[in-house]
Amino acid sequence: MARALSELKVPIKVILDSAVAFALEAFEVDMVLVGAEGVVENGGVINKLGTYNIAIAAKAHNIPFYVASESYKFARLYPLNQNDLPLERKPVDFGPLMPATVKIENPSRDYTPPKFISLLFTDLGVLTPAAVSDELIQLYV
């Protein structure tokens, strides 16, 4: 996405996930735009791990958080938190360095609740998170 936006002369900076909170303030960011692997019924999104962290940091800095997604990614799921995700969590094998009593999890995706999302840009138009369930009804009826 960064390459495509750069070719359109949109100013782009690529940073490490761990630098998001710093970058939002230091680089005077105007908005955050992420993609989505899925958009759920309440208008929240399922995406690569770290999206939720970015949304929280954006909200803390009063920066709009936008999601770009195609409507075929709309799903009739209603997660309330991270534990409701129907996702596979693969443990990481760190070998003999970790004691057997240490449980290691490596989730690949997270859920971003709708309260952190300003708008969703879709092929159906620009939607508020609350409008997603209306669109799902139209898609599945």
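The values are calculated or read from the model by the stated rules, or taken from the named source; none is laboratory data. Everything numeric here is computed off the predicted structure, so don't read it as measured data. Positions of Cβ are backbone-derived with ideal geometry, glycine not excepted, and every protein chain shown enters the neighbour counts.
Residues being in contact with a helix residue (DSSP H, G or I) (Cβ under 7 Å, 6 or more places away or on another chain) and charged (D, E, K, R): count how many of those fall in region 38-78.
Qualifying residue count for the region: 3.
Given the criterion surrounded by 13 or more Cβ atoms within 10 Å (Cβ to Cβ), modelled with pLDDT of 70 or more, of a type in the set (D, E, K, R) and under 15 Å from F116 (Cβ atoms), identify the matching residue among K73, K59.
Checking each option against the conditions leaves just K59.
Residue under question is N47, and the condition is that it be under 19 Å from A130 (Cα atoms) and either modelled with pLDDT of 90 or more or acidic (D, E) (or both); does it hold?
yes
Could you list, in sequence order, all residues of region 97-128 that are in contact with a helix residue (DSSP H, G or I) (Cβ under 6 Å, 6 or more places away or on another chain), farther than 14 Å from G38 by Cβ and among the hydrophobic types (A, V, I, L, M, F, W, C)?
Passing the criteria: F116, L124.
Among the residues of region 13-56, write down those that are in a loop (DSSP other than H, G, I, E, B) and surrounded by 13 or more Cβ atoms within 10 Å (Cβ to Cβ).
If the condition is that a residue be in a loop (DSSP other than H, G, I, E, B) and surrounded by 13 or more Cβ atoms within 10 Å (Cβ to Cβ), then V29, A36, E37, V40, E41, N42, G43, G44, L49, G50 are the ones that fit.
Of the residues in region 1-12, how many are assigned to a helix (DSSP H, G or I) and either touching a residue at least 24 places away in the same chain (Cβ under 8 Å) or loosely packed, with under 12 Cβ neighbours inside 10 Å (or both)?
Residues in region 1-12 being assigned to a helix (DSSP H, G or I) and either touching a residue at least 24 places away in the same chain (Cβ under 8 Å) or loosely packed, with under 12 Cβ neighbours inside 10 Å (or both): 4 in total.
Results for (1) hydroxyl-bearing (S, T, Y); (2) closer than 14 Å to L120 by Cα, shown as yes or no for each residue.
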site: E7; (1), (2): no, no
site: V10; (1), (2): no, no
site: A23; (1), (2): no, no
site: E28; (1), (2): no, no
site: M31; (1), (2): no, yes
site: G38; (1), (2): no, yes
site: Y66; (1), (2): yes, yes
site: S69; (1), (2): yes, yes
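Mind listing just one residue for me: the one in region 101-140 that is crowded, with 16+ Cβ neighbours inside 10 Å and β-branched (V, I, T) and, of those, modelled with the lowest pLDDT?
Among them, the one singled out is V132.
Of the residues in region 104-141, how many are more than 21 Å from T51 (Cα to Cα) and free of Cβ contacts under 8 Å to residues at least 12 places away in the same chain?
The total comes to 5.
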